[in-house]
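Working notes, structure below.
The values are calculated or read from the model by the stated rules, or taken from the named source; none is laboratory data. Computed from a predicted structure; not experimentally measured. Cβ coordinates were reconstructed from backbone atoms using ideal geometry, including for glycine residues, and neighbour counts include every protein chain displayed. Surface areas here come from the heavy atoms of the whole protein model, side chains and all, with no ligands, DNA or RNA. Shrake-Rupley method; radii C 1.70, N 1.55, O 1.52, S 1.80 Å.
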Amino acid sequence: MNRPLPLGWLLAAVILVVVPAALWLFGSAYAARLAQLVLITALLAAALNLLIGTAGLLSLDTVVYYGFGAYLTAILSTNYGTTLPTEILAAAAAGALLGGLIGWPLVRLASIFFAVATMGLATIFHTTVLNWVDLTRGPMGYRGIPAFKLGEFTIDGWAGNYYVIAVVVLGGVWIVHRLTHSYYGNAMRAAREDEDCARAMGLSPHALKLQAYAVHASLMSVAGALYAHANNFLSPDNFVLLESGLTLTAVVVGGLGSLPGAFIGALVVVLVPELLRPLGNLRAFGFGMILFLSILFLPRGLWSEVSSLAFVRRHLFREGWLKR
Amino acid sequence: MSSLLEIDRLSRHFHGLRAVDEVSFGVNRGELVGLIGPNGAGKTTVFNCIAGTLAPTLGELRFDGARITGFAPERVAALGIARTFQNLRVFPDITVYDNVSVGAIGRAGVSFAGALLPFLERGRTRRIADSTSTALERFGLAAHAGTLAGNLSYGQKKLLEIARALALEPKLLLLDEPAAGLNGNETEALAVLVRDLRDAGLTILLVEHDMPMVMRVCDRIVVLDSGRLIADGAPAQVRADAAVRAAYLGDDS
Amino acid sequence: MFDSFVAGQLAIGASVGLTYALVAIGFTLIYRVLSAVNFAHGEVYTLGAFATLVAVTTLKAPPLAAVPLVIVVGLAAGLGIERVAFRPFRRFTDEASLKSRAVREATLLSSLALGIVGREAMDQVWHGQWLAIPQDKMLNQPVNLGGVMLSAGELAIAGLSLVLLVGLQWLLLRTRVGLEIRAVSSNLVGAQFSGIDINRVVLATFAVGSILGALAGMVVSLAYGSIQSSMGLTVVLKAFVAMVIGGLTSIPGAVVAGVLIGVAEGAASLWVASAWTEMVAYVLLIFTLIFFPRGLFRRRGA
Ligand SMILES: Nc1ncnc2c1ncn2[C@@H]1O[C@H](COP(=O)(O)OP(=O)(O)OP(=O)(O)O)[C@@H](O)[C@H]1O
Ligand SMILES: [Mg+2]
């Protein structure tokens, strides 16, 4: 059975070939950094998309799991010299566990209550990171995080970093893609649309939402692990509520429930503020504006769930994968 | 004939209001039973108690010989009871195909691992796809598979709800006023369809206000009034029943 | 034994809590009418504080003479937010689309975005600095209340809160506008049939809520003297928490919860370093929601 995913291959080709080639030909260290940041943001947006777009849980806690994975990795690699696979697995597992524990009571909450509770989590996390100086080195930030290591081999230079990040991000996005474009995703959408009705159809919305929440936490934690190495430096300022807003903006701009949208959204929220940089520190202003304008003028985002689903489904139907 | 569903002195109170008051009746395997009564008689409440949406205040429910009183809705559904809702409850923002697949998913189940690694669950996936397509075709919805459910006409949404319930491949189907809001032709088609389902061996409990339809399709009719059971018998028998006439006349005047 | 220090901390906590309550009322009013959250509300509070600063420095007015300016600024901000972030999503006025999930989420995000934009714009104007109200204009005279030392500002906060709460009750219960606000919030369709202009009521709600928010910003700046463009953010988050703990739709619930949060913060400051007290409100929130998933004081049928 050959599953046609031309879009997926296209995306992989752009990320693994076209962008590195362009960076190599015309790029600078600065451009390479931005490219890495776009990829990491895309993974965050894809994970948040799973939660908001598919499971219908409007959440503002991106920074909690993102920051958790980042600090976990910083601590592991600085103190224990861990290598990449260990770190990714540790971030994924610990993120899922933390998400599962926190999500258990949280995902029962009705929409607005859930949103506020996640906002609270973000603030609790920031306060903790800022003040638990023994663990996180507090407001001074965590400096000198070593580079990625694979076995004995230390990865340095932008190309190595870029490829590590690209591969992990593509893997994470592939997971979200599988979850959302499958019957499992349909079950989550049903739980999102009408919980009681979904139960009458034999589904357990709580279990589905909890799984979505834990997966999103796990992926964000992995994104954090990447960020810790890519940036070499973590500061509590990277994990304030506003940064959750940034990911939310990427999701909204790209389109709720759409994965190509996650990349497009990440591109917009990372690059547009960079373009505004000459005008002063307008980053937050920039993405606030983007969020506002896109809600007003692009209520379905640049690439909405419906169009992306229709796209994939057209192909699946054509290949007879869903019929048979 | 053996009973598939047994309702034994079922009561459900709301703040002192006895919406359902010691109601007992059974539904035999393969039977199409009508549950009728004036507005507010307690029909939907009986449905909600069976389906687990509401917990009964008193009384017992047995399905297939086992007690199901107070079970959670998803557990009841997994045992093989599917329902439709009086007020339309389609999932408006997903497609018709996806709506129907939800019923099939409820039957076959899905898992996280299976979603990630499709080869683990190829059989399941195929089953879901099969029952979804079957249900879509049976209700003439295959042509609309890719439409968002919210964009269907009212009559199509009603059919979609039944299709979704059937994709659960239930042993017992609970239909709450499927003909409400349909025009004459649609009601006629629905009557034929419901009768076909029954002839194919499905057990159905039907709540409906359209009397001609109920009288025509049902094998047996149970009548509620103000939460109490006032008649239980063949259509002709119920039609002639004095208590039933009184209940309906009292309601209409 | 009466410990005046402990009592003082709790009293200060209560007065801070009342400012959360004032901000939360604006939230709650809007939520009751539209089932939507106005995340830009905190910026109204900040604007109230800046308006006070302008009044007492540039205009050299005595502190309480700032009131009219603050009211005008709050009013303008509230109406502006409604017009820009809420009205565009209210193309239809039937209940289903007014309170649909899509509209609720869209306005939540649009007001969140507008809040960020407003905050950052103020940040650009005032360069993110802490600005100070001149000492002589502050309400910082010490007041001895039976052994508990408070500042005049803290008392002013409490006094103003009580006055505004009573005023609000009077407005809601005794005036035509209040009647209409209540009618719309309890039964939108019915209100429409009885000829109430929904848009007008929504505007009135935003006006009232925003004036309260701006006045809260005014007293806090007069009491504590420092003003910054992001000051609204923390307060608005706590007010939001108060509204949620209070059950979303209950004004007394929001007030009680606001004071509860303030007092809990005051109490916590006795035990833990002040940096950690930021968390108190959220820990309280999460525990409340675990045990009361819909808040403490949910109105029947709401
Ligand atoms: N959740 C509830 N809370 C309070 N009262 C309820 C609830 N559900 C139903 N009732 C009351 O119980 C009684 C029976 O309602 P039910 O919906 O079962 O009637 P019904 O026979 O289905 O009527 P209809 O033909 O109008 O659908 C009514 O008086 C109704 O107001
Ligand atoms: Mg009914």
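Work through the residues other than C:Val202 whose Cβ is under 10 Å from its Cβ and net out their charges, Lys, Arg +1 and Asp, Glu -1.
Charge balance in the 10 Å sphere: +1.
Mind giving me the nanometre distance, one decimal, between the label points for C:Ser4 and A:Leu10, set 7 Å out from Cα along Cα→Cβ?
7.6 nm
Please report, in debye to the nearest 20, how large the charge dipole of the range B:91-168 is about its Cα centre when each Lys and Arg carries +1 at its beta carbon and each Asp and Glu carries -1 there.
It works out to roughly 200 debye.
Net charge within 15 Å of A:Val269 by Cβ-Cβ distance, Lys/Arg positive one each and Asp/Glu negative one each, not counting A:Val269 itself?
-1
From the residues B:Tyr154, B:Leu116, C:Val259, which one has its Cα farthest along the dipole of the protein assembly as shown in the positive direction, the dipole being from +1 and -1 charges on Cβ of Lys/Arg and Asp/Glu about the Cα centre?
B:Tyr154
So which aspartates and glutamates pass the test for C:Lys137, namely a Cα distance under 16 Å, with those fewer than 8 places away in the same chain ruled out?
Counting by Cα, and skipping residues close in sequence, C:Lys137 has these aspartates and glutamates nearby: C:Glu154.
Run the accessible area of the range A:13-239 with a 1.4 Å probe and give the carbon-and-sulfur part as a rounded percent.
Ligands and nucleic acids excluded, carbon and sulfur give 68 percent.
Once amide H atoms are placed 1.01 Å from N in the peptide plane, what residues at a sequence separation of 5 or more from B:Ala231, or on another chain, have their amide H within under 5 Å of its amide H?
Answer set, sorted by chain and number: B:Val223.
Could you work out [θ]222 nm for chain A from helices alone, using -39500 (n - 2.57) per DSSP H run of at least four and dividing by all its residues? Round to the nearest 500 deg cm²/dmol.
For chain A, the value works out to -23500 deg cm²/dmol.
Shape call for the range A:13-239 from the C-alpha gyration tensor, a ≥ b ≥ c root eigenvalues: rounded (a/c under 1.5), prolate (a/b greater than b/c) or oblate?
oblate
Can you list the residues of the range A:75-109 with backbone N under 18 Å from a point 7 Å past the Cα of C:Phe292, pointing along Cα to Cβ?
The answer is A:106, A:109, whose backbone nitrogens lie closer than 18 Å to the label point.
Residues of C:113-126, mean number of Cβ from any other protein chain within 10 Å of their own Cβ, rounded to a whole number?
Partner Cβ neighbours, averaged per residue: 5.
Pull out a ≥ b ≥ c, the square roots of the eigenvalues of the alpha-carbon gyration tensor of the range B:91-168, then state rounded if a/c is under 1.5, prolate if not and a/b is larger than b/c, and oblate in the remaining case.
Because a/c hits 1.5 or more and a/b exceeds b/c, the range B:91-168 counts as prolate.
In debye to the nearest 20, how big a dipole does chain A give about its Cα centre with +1 on each Lys and Arg Cβ and -1 on each Asp and Glu Cβ?
For chain A, the charge dipole is close to 720 debye.
Could you report the accessible area of A:His177 in Å², rounded to 10, computed with a 1.4 Å probe on the protein chains as they sit in the structure?
Result for A:His177: roughly 30 Å² accessible.
B:Thr147 to B:Phe119: FRET efficiency via 1/(1 + (r/R0)^6), r the Cβ-Cβ distance, R0 35 Å, to the nearest 0.05?
0.70
Of all DSSP beta bridges in the protein assembly as shown, what percent run antiparallel (nearest 5)?
Beta bridges within the protein assembly as shown, antiparallel portion: roughly 65 percent.
Does the protein assembly as shown classify as rounded, prolate or oblate by the C-alpha gyration tensor (a ≥ b ≥ c root eigenvalues; a/c under 1.5 gives rounded; else a/b over b/c gives prolate, otherwise oblate)?
oblate
Highest mean first, how do C:145-158, A:140-153, B:101-114 rank when packing is the count of other Cβ atoms within 10 Å averaged over residues?
The peptides rank, most packed first, as B:101-114, C:145-158, A:140-153.
Where the centre of each part is set by its Cα atoms, how far does the range A:201-279 sit from the range B:21-63, in angstrom?
48 Å
Would you mind working out the magnitude of the charge dipole of the protein assembly as shown relative to its Cα centre, with +1 at each Lys and Arg C-beta and -1 at each Asp and Glu C-beta, to the nearest 20 Debye?
660 debye
Helix-only estimate, please: 222 nm mean residue ellipticity of chain C, summing -39500 (n - 2.57) across DSSP H runs of length 4 or more and dividing by its residues, to the nearest 500.
-23000 deg cm²/dmol
Let me know the mean shielding of A:234-242 by other chains, meaning the per-residue number of their Cβ atoms within 10 Å of its Cβ.
If you average over the peptide's residues, the count of other-chain Cβ atoms is 1.
Can you give the accessible area buried between chains A and C, summed over both chains, with a 1.4 Å probe, in Å² to the nearest 100?
Counting protein atoms only, the buried area is about 3300 Å².
Name the aspartates and glutamates eligible as straight-distance cross-link partners of C:Lys60: C-alpha to C-alpha under 19 Å, and not fewer than 8 places from it in the same chain.
The reachable aspartates and glutamates, counting only those whose Cα sits under 19 Å from C:Lys60, are C:Asp136.
Here is the link list: A:Lys209/B:Lys43; A:Lys149/A:Lys209; B:Lys43/B:Lys157. Which ones come out longer than 29 Å on Cα distance?
Check vs 29 Å cut-off fails for A:Lys209/B:Lys43; A:Lys149/A:Lys209.
Calculate, for the protein assembly as shown, the solvent-accessible area per residue in square angstrom, rolling a 1.4 angstrom probe over the heavy atoms of the protein chains.
Per residue, the protein assembly as shown has 39 Å² of solvent-accessible surface.
Would you mind giving the mean number of other chain beta-carbons within 10 Å of the Cβ of each residue in B:114-121, as a whole number?
Rounded to a whole number, the mean comes out at 4.
For B:Asp98, B:Asp64, what's the largest-to-smallest order of accessible area, 1.4 Å probe?
Correct descending sequence by accessible area is B:Asp64, B:Asp98.
I need the peptides B:46-53, C:273-280 ranked by packing, meaning the mean over residues of other C-beta atoms within 10 angstrom, with the highest value on top.
Those peptides, ordered most packed to least, come out B:46-53, C:273-280.
Among C:182-193, B:170-181, C:13-24, how do they line up from the highest to the lowest mean number of other beta-carbon atoms within 10 Å?
Most protected by this proxy first, the peptides run C:13-24, B:170-181, C:182-193.
Work through the residues other than A:Leu219 whose Cβ is under 14 Å from its Cβ and net out their charges, Lys, Arg +1 and Asp, Glu -1.
0
Chains B and A: buried accessible surface, both sides, probe 1.4 Å, rounded to 100 Å²?
Interface between B and A: roughly 3100 Å².
Below 8 Å between Cα atoms, with a sequence gap of 6+, how large is the relative contact order for chain A in percent?
31 percent
Would you mind checking which residues have amide H under 5 Å from B:Thr203's amide H? H placed 1.01 Å from N; only 5 or more apart, or other chain.
Hits under the 5 Å cutoff: B:Gly30, B:Leu173.
Membrane-span-like helices in chain A: DSSP H runs reaching 24 Å or more (Cα, own axis), mean Kyte hydropathy at least -0.5?
What comes out of the filter, once short or polar helices are dropped, is A:29-49, A:62-80, A:84-106, A:111-131, A:158-180, A:205-231, A:259-276.
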